[in-house]
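The values are calculated or read from the model by the stated rules, or taken from the named source; none is laboratory data. Quick caveat, the model's predicted, so the values are computed rather than measured. Glycine also receives a Cβ, built like all others from the backbone with ideal geometry; neighbour counts cover every protein chain displayed. Remember, those area values only see protein heavy atoms, side chains included, never the ligands or the DNA or RNA. Shrake-Rupley method; radii C 1.70, N 1.55, O 1.52, S 1.80 Å.
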Amino acid sequence: MIPEALTFKDVLLTPRRSPIASRGQVDTTGRFSRKIQLKVPLVSANMDTVTEAEMAIAMARLGGLGIVHRFLSIAEEVAEVAKVKRAESVVIEDPYTLGPDATVGEAQRMMEDREVGGLLIVDRGGKLIGVVTERDVRFEERESRRVSEVMTRKLIVGTPGMGEAAARALLAKHKLEKLPLVDKRGGLAGLITAKDILKRRRFPDASKDSKGRLLVGAAIGVVGDYLERAQALHDAGADVLVLDVAHGHADHVIKAVRALKRQKRSFELVAGNVATFEGARDLAAAGADAIKVGVGPGATCSTRVVTGSGVPQLSAVMDAARITKLRGVPICADGGIRDSGDITKALAGGASSIMIGSLLAGTDESPGWTIVRGGMKYKVYRGMASLGATMGRRKKENSRLDDVSEVVPEGVESTVPYRGAAAEVVHQLAGGLRSGMSYSGAKDLKSFWKNAKFVRITGAGWTESMPAKGVISG
Ligand code: XMP
């Protein structure tokens with residue numbers, strides 16, 4: 001007997017009696033891993049045309065999460081993670097500094113490289129003696145001048161441990177952008193910025209760590225330098241590591257999960273990808289803190305066509321999600337999301353979070369240029385196992401490049417329509433999810449899992465579900 005497996009468009013959720021008057025009452029909080037909760041359980045994919053620092057910052061501010069891809073050197077991946085961790089915080093514990101003898105040119109370059117508007121000037125003993133802002137050096141043509149000649153010496157400072165309200169009052173009273181924190185001996189102890197305070201108000205759902213920094217994840221592999229990479233990313237502040245392998249239900253992947261957990265028990269580790277309960281069970285038993293599910297559903301995936309292997313995504317998620325009930329290990333449904341309704345169905349099927357590639361690849365925050373063709377804007381989106389991505393990787397690693405025909409791609413390179421800011425896309429997806437949960441009478445994910453009832457539909461049922469042709473907006 002061959003069992004049947006279903007995907008999102010094979011089913012709908014039966015509308016049920018609902019106590020929810022407005023979708024604003026629905027709490028969409030889900031877990032990406034044992035320790036990481038997201039108010040908006042959407043995660044941008046660890047792909048080189050989807051997530052580097054800019055996307056990760058946007059996703060975390062919106063209540064989701066971004067996973068920086070791993071097709072970078074260790075130093076480059078660490079730098080992307082560090083950018084996210086520095087993007088905002090209650091107190092910046094190690095602000096960028098220069099000595100008084102540094103030149104104006106050095107200050108200009110440092111501000112540009114690090115994308116900050118000011119630097120703190122400290123003496124050899126770590127004492128704060130001034131501040132240089134972009135305005136101080138903007139029109140300074142003598143690059144060799146010392147910063148001590150242009151810096152502001154008279155400073156308003158705060159004290160370590162001061163609360164946000166007190167800091168805000170000082171920033172407002174003196175019309176300041178930055179408030180350095182100084183200990184009793186005059187030593188620099190941190191920095192509070194007006195920008196951070198404003199961002200906290202603008203993004204109330206933001207995913208943050210205990211220091212008020214944005215959460216970020218980073219991908220690793222299972223061979224070569226993966227243990228070293230994992231340690232470096234963890235040290236840089238990555239909140240979760242994602243073990244990224246096409247076929248995660250494999251002995252060497254299980255071994256890698258064990259090795260990573262042995263190296264550092266505090267690594268929060270998501271492992272995958274799998275498409276079955278057995279896969280999820282084995283990775284959870286090895287110590288994974290969440291399981292990523294999806295073999296071949298992605299928009300750029302050709303795994304199923306090339307290898308004949310995979311499981312339609314809704315069935316894969318429902319099967320694997322039995323591990324959440326049994327052992328409390330959450331499932332991330334990865335790939336195949338084409339509409340917000342698919343997100344609703346994946347969560348109803350037992351997933352705790354959703355990974356998205358193609359729907360985010362066309363946004364401003366994804367890496368890569370916008371292309372104009374026939375008056376329309378597009379961005380490149382490519383599978384990480386596509387020919388182009390594989391060749392690019394080999395070139396970076398300086399491995400042999402001569403024979404393209406040796407590569408058996410399991411992904412394609414394509415373009416996706418330009419979609420503007422990631423915030424707009426996430427707003428639509430999260431809004432659709434909230435509505436979807438309210439149709440099932442679910443105020444949160446737990447009640448959604450309990451209440452959700454699927455019906456199987458026919459092709460005609462799906463055709464009926466689609467808006468009629470000739471629609472002019474929506
Ligand atoms: P969507 O559908 O959101 O899926 O674009 C994103 C997911 O697709 C997976 N991925 C691949 N799968 N070959 C594959 O079979 C590839 O080259 C490839 N690249 C990405 C990945 O799981 C991602 O999160």
Sequence ranges 318-328, 194-204, ranked by mean other-Cβ count within 10 angstrom, highest first:
318-328, 194-204
Kindly count the pairs of lysines across the stretch 97-202 whose alpha carbons are less than 25 Å apart, treating pairs on different chains or eight or more residues apart as eligible.
19
Using 31 Å as the Cα-Cα cut-off, could you pick out the over-long pairs in 208/345; 85/396; 261/453?
261/453
Mind ordering 146-155, 437-446, 205-214 by average Cβ neighbours within 10 Å, highest first?
437-446, 205-214, 146-155
Quick one: which of 9/443; 35/292; 35/450 span more than 18 angstrom between C-alpha atoms?
9/443; 35/450
What's the ranking of 330-338, 465-473 by average number of surrounding C-beta atoms within 10 Å, highest first?
330-338, 465-473
For the chain, what does the relative contact order come out to in percent, with C-alpha contacts under 8 Å and a separation of six or more?
21 percent
Using a 1.4 Å probe on heavy atoms of the protein chains only, the accessible area for residue 373 in Å², nearest 10, reads 140 Å²
Given the chain reduced to its alpha-carbon atoms as identical point scatterers, what log10 I(q)/I(0) does the Debye formula return at q = 0.11, 0.12 Å⁻¹?
-0.95, -1.09
Listed residues 17, 34 arranged by accessible area, highest first, probe 1.4 Å:
17, 34
Probe 1.4 Å, heavy atoms of protein chains only: per residue, the accessible area of the chain in Å² is 50 Å²
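What does DSSP give for the chain in terms of the percent of beta bridges that are antiparallel, rounded to the nearest 5? Could you put the intermediate results ahead of the total?
Working: 30 of 59 bridges.
DSSP beta bridges in the chain are roughly 50 percent antiparallel.
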For the chain, with the dipole built from +1 on Lys and Arg beta-carbon atoms and -1 on Asp and Glu ones, taken about the Cα centre, which of 315, 271, 442 lies farthest toward the positive end?
442
Given the -39500 (n - 2.57) contribution per DSSP H run of 4+ residues, what per-residue ellipticity at 222 nm results for the chain, rounded to the nearest 500 deg cm²/dmol?
-10000 deg cm²/dmol
Let's see if you can work this out: charge +1 on each Lys and Arg Cβ, -1 on each Asp and Glu Cβ, no other charges. What is the dipole magnitude of the chain about its Cα centre, in debye to the nearest 20?
1740 debye
Looking at 387, 296, 331, which one has the Cα that reaches farthest to the positive end of the dipole of the stretch 287-443 (charges on Cβ: Lys, Arg +1; Asp, Glu -1)?
331
Within the accessible area of the chain, what % is carbon and sulfur when the probe is 1.4 Å and the other protein chains stay in place?
52 percent
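How do 304, 262 rank by accessible surface area computed with a 1.4 Å probe, from largest to smallest? Walk me through the numbers before you get to the answer.
Details: 304 80, 262 175 Å².
Accessible-area ranking of 304, 262, largest first: 262, 304.
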